[in-house]
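Colleague: Structure in structure tokens, see below.
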């Protein structure tokens, strides 16, 4: 088995795409699975295979001989987690068994309910009260069970809300700003003064790769990233204003009440409202275990990360005036 071969599921998404490109740049043979792969191979160094993450046979064939499966695929549009998320993960676990490959799962705060402590370590009790949170807990439980049985190896890296140049399905790119246009206003979901945790996708991918390359990584390992902690909910807004060169850019609050009223006919609103508690109270993951393992956490300065994200989303041009220095 080639130890530098990987299958990336979800390579057209934010985290999956970042991991696929980073692994290819570091010498890995990267396979990706898609129902409609590109007709012509690109110059990205990826091998695109036709298939569906919901098909156990497709995933098994694509993962044959791979040492790593990056499970970066999620149900589209925040919907049908109960019907789609677990079968897709089961397919990855089954595909990993023949070669005892490692399954990498990007994690988040969904596992933890509103009763969690303000500061969370990797072993904090998990009492989710949302449907997606319960699915997330079960996904991790299945990975842990398979790893403890000796069938596979698993790595889970939990991080805050993703943002990055290639990611268009997250709170930053769907709520704070809208892609492909310079913002005339910002929409912030959180309450004033409530902290929130963010994660820049290139930093997440780099962290994951460094952990994968760690010589003493346990067969089942879980780590938290600190990422960018916005202590009062104002730092991300300020960074966007600096990147745009508009310190007076208006900020409106997300109309949660109106969304709740419309949720019976707008499924996306219903799914977003379920996660509202993460904006109503500060939940922060500490990275002490990660620091012990790596010595440092890859960390891009907030202004640099926000500027590159806005450029990638088409909200800012490369020629625009650089962001003002952070004070």
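Values quoted throughout were computed directly from the atomic coordinates according to the rules given, and no laboratory measurement underlies them. Fair warning: this is a prediction, and the values are worked out from it, not measured in the lab. Ideal geometry is used to build each Cβ from the backbone, glycine not excepted, and the neighbour counts take in all protein chains shown.
Colleague: Counting only DSSP beta bridges with both residues in segment 146-270, tell me the antiparallel percent, nearest 5.
Modeller: 20
Colleague: Under a crude label model (7 Å from the Cα following the beta-carbon direction), how far is residue 280 from residue 129 in nanometres?
Modeller: Spacing of the two 7 Å Cα→Cβ label points: 0.7 nm.
Colleague: Further, regarding this structure: Could you give the angle, 0 to 90 degrees to the nearest 10, between helix 14-25's Cα long axis and the longest principal axis of the Cα atoms of the chain?
Modeller: 60
Colleague: At a Förster distance of 35 Å, what's the computed FRET efficiency of residue 79 paired with residue 246, Cβ-Cβ distance as r, to 0.05?
Modeller: Computed FRET efficiency for residue 79 and residue 246 comes out at 0.50.
Colleague: Could you state the angle between the C-alpha long axis of helix 302-312 and the longest principal axis of the C-alpha atoms of the chain, as a value from 0 to 90 degrees rounded to the nearest 10?
Modeller: Computed tilt is about 80 degrees.
Colleague: Something else: State the antiparallel share, in %, of DSSP beta bridges confined to the chain, rounding to the nearest 5.
Modeller: Details: 3 of 39 bridges.
Of those bridges, close to 10 percent are antiparallel.
Colleague: Taking neighbour Cβ counts within 10 Å as the exposure measure, how do 304, 309 sort from fewest upward?
Modeller: If I rank by nearby Cβ atoms, fewest first, I get 304, 309.
Colleague: Would you mind computing the Rg to Rh ratio of segment 87-168 from its alpha-carbon coordinates, Kirkwood style for Rh? Working shown, then result.
Modeller: Working: Rg = 14.0 Å, Rh = 13.9 Å.
My calculation puts Rg/Rh at 1.01.
Colleague: Under the rule a/c < 1.5 gives rounded, and otherwise a/b versus b/c splits prolate from oblate, where does segment 117-211 land using the Cα gyration tensor?
Modeller: prolate
Colleague: Shifting gears a bit: Output the 0 to 90 degree angle, nearest 10, between the alpha-carbon long axis of helix 235-244 and the longest principal axis computed from the alpha carbons of the chain.
Modeller: The answer is roughly 80 degrees.
Colleague: Looking at the square roots a ≥ b ≥ c of the eigenvalues of the Cα gyration tensor of segment 33-132, which shape do they give, rounded for a/c under 1.5, prolate if a/b is larger than b/c, or oblate?
Modeller: prolate
Colleague: Next question, about the same structure. With only alpha-carbon atoms counted, please give the Rg and Dmax of the chain, in Å.
Modeller: Both quantities, over Cα of the chain: 19.5, 57 Å.
Colleague: Moving to a separate point now. In vacuo Debye scattering of segment 253-293, one point per C-alpha: log10 I(q)/I(0) at q = 0.14, 0.24 Å⁻¹?
Modeller: Each listed q corresponds, in turn, to -0.47, -0.79.
Colleague: Here is a further query. Plugging the Kirkwood radius over Cα pairs into Stokes-Einstein for segment 189-257, at a temperature of 20 °C and a viscosity of 1.002 mPa s, what D comes out in µm²/s?
Modeller: Translational diffusion coefficient: 144 µm²/s.
Colleague: Moving on to the next point. For the pair residue 35/residue 100, report the inter-label distance in nm, with labels modelled 7 Å from Cα in the Cβ direction.
Modeller: 3.6
Colleague: Rounded if a/c is under 1.5, else prolate if a/b is larger than b/c, else oblate: which is segment 209-313, with a ≥ b ≥ c the root eigenvalues of its Cα gyration tensor?
Modeller: Oblate is the answer for segment 209-313, as a/c is 1.5 or above yet b/c matches or exceeds a/b.
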